[in-house]
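> Sending over a structure as structure tokens; questions will come in a sec.
The values are calculated or read from the model by the stated rules, or taken from the named source; none is laboratory data. Owing to the predicted nature of the structure, the values given are computational and were not obtained by experimental measurement. So basically every Cβ, Gly included, is an ideal-geometry build from the backbone, and we count neighbours across all protein chains shown.
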Amino acid sequence: MPFKINTDLLKKLVPERKTQSQSRQQKRLFNIDKASLDKQVAKFMKERNDFLNYAVKNGYKRDLVIENSQVKNGLRTGDVYSVEYHDFTVTIVNKTKNRTTTLDLNYLLAGMSNDDKLKFLKTIQSLPGEVLEDLAIEVDTLISSTGKDMHILKESPRFLAGGYYSGNNDEITTSEKHIVHELGHAMDFHGSKNESRVMNNKKFINAFNIGLKRFLKDGNKQFNYNDNPDLFSSGLSVISHNSNYCTANPKELWAEIYTALTTGTCNSYNTILKYFPEALEIGKNVLEEIRNESRSTRHASKRIQNPLSRFGV
Ligand SMILES: [Zn+2]
């Protein structure tokens with residue numbers, strides 16, 4: 001029998017990014033059977049609490065308040081944030097720009113094994129406020145690369161990736177080690193519009209070409225995926241071990257610059273500083289521009305969110 005859903009519960013379930021199609025889907029969900037909903041919610045809550053206890057026992061801090069989280073490194077000084085963790089909810093306040101974003105980690109990591117979830121939770125708790133804000137806005141789905149076939153270049157099946165961002169599906173598949181680099185790719189794309197900002201930025205492309213010319217003139221070789229055939233058998237990640245990965249293409253240069261600007265370092269750090277100073281400067285502006293965009297422009301989510309999906313429906 002159809003019933004009217006508890007609106008407080010619905011508010012909790014409905015993500016902030018709501019589209020028309022999501023509203024239609026919610027209407028459909030209003031008509032689900034109450035008894036089965038209660039059962040599903042109870043099952044979800046038990047699993048969630050069991051996992052929370054497990055995570056806390058293994059080093060996750062369920063109540064953590066960071067009053068001042070600010071990126072200050074050799075490249076830039078970022079806005080001042082406060083970050084508050086309560087269970088799996090993160091409240092991120094940009095105190096400089098006076099805006100608040102929330103991030104539901106249980107939702108973001110849904111579908112992972114408990115061990116993978118734990119690895120990501122601990123890595124996430126080490127990230128600065130501004131990166132958490134980017135993560136909350138840009139990423140709908142985070143998939144662990146553990147145990148996944150990471151041969152992503154069909155024409156070069158021996159290439160093993162550390163992670164990847166799919167603009168088409170608007171999903172990140174990664175290990176926790178590469179989360180910031182992959183987030184950089186997500187920042188580059190307008191969500192489901194699947195369009196790279198830097199590839200459409202003439203200044204950035206020009207700066208990439210200038211830097212690459214300089215790099216080659218010094219007798220260096222541009223990073224080429226096909227040059228690393230042994231990485232498959234040895235199981236190593238190309239990205240985490242190559243200090244010239246930023247020379248692969250402008251998109252990788254941007255992802256490495258994003259990592260450097262927000263964490264103070266990246267695998268290509270020295271190469272960027274020595275050969276790509278112009279791209280680095282433009283990258284700082286690109287970062288500011290993205291963060292000043294409205295959320296809907298910044299990230300057009302196409303994921304039709306079933307508000308009960310996190311309850312295993
Ligand atoms: Zn990349």
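> Give me a count of the residues in the range 144-175 that are modelled with pLDDT of 75 or more, touching an Asp or Glu at 6+ places or on another chain (Cβ under 8 Å) and either more than 15 Å from the ligand (Cβ to nearest atom) or farther than 29 Å from Asp79 by Cα (or both).
1
> Would you be able to say whether some residue in the range 91-109 is under 30 Å from Leu273 (Cα atoms), in contact with a Gly (Cβ under 8 Å, 6 or more places away or on another chain) and crowded, with 20+ Cβ neighbours inside 10 Å?
no
> Considering only the range 63-88, state which residues are exposed (fewer than 14 other Cβ atoms within 10 Å of the Cβ) and either under 19 Å from Asp104 (Cα atoms) or under 20 Å from the mean Cα position of the chain (by Cα) (or both).
Asp63, Leu64, Val65, His86
> Read through the list (1) at pLDDT below 90; (2) out of contact with any Ser or Thr (no Cβ under 9 Å at 6 or more places or on another chain); (3) under 16 Å from His185 (Cβ atoms), then give the number of the only condition that Ser237 fails.
The one condition Ser237 does not meet is (2).
> In this structure, does Glu252 turn out to be under 20 Å from Gly78 (Cβ atoms), modelled with pLDDT under 95 and acidic (Asp, Glu)?
no
> A follow-up question, please. Quick one: count up the residues across the range 259-293 that are under 18 Å from the mean Cα position of the chain (by Cα) and of a type in the set (Ser, Thr, Tyr).
Of the residues in the range 259-293, 4 are under 18 Å from the mean Cα position of the chain (by Cα) and of a type in the set (Ser, Thr, Tyr).
> Residue by residue through the range 248-277, note down the ones that are of a type in the set (Phe, Trp, Tyr), over 13 Å from Leu183 (Cα atoms) and part of a helix (DSSP H, G or I).
Tyr269, Tyr275
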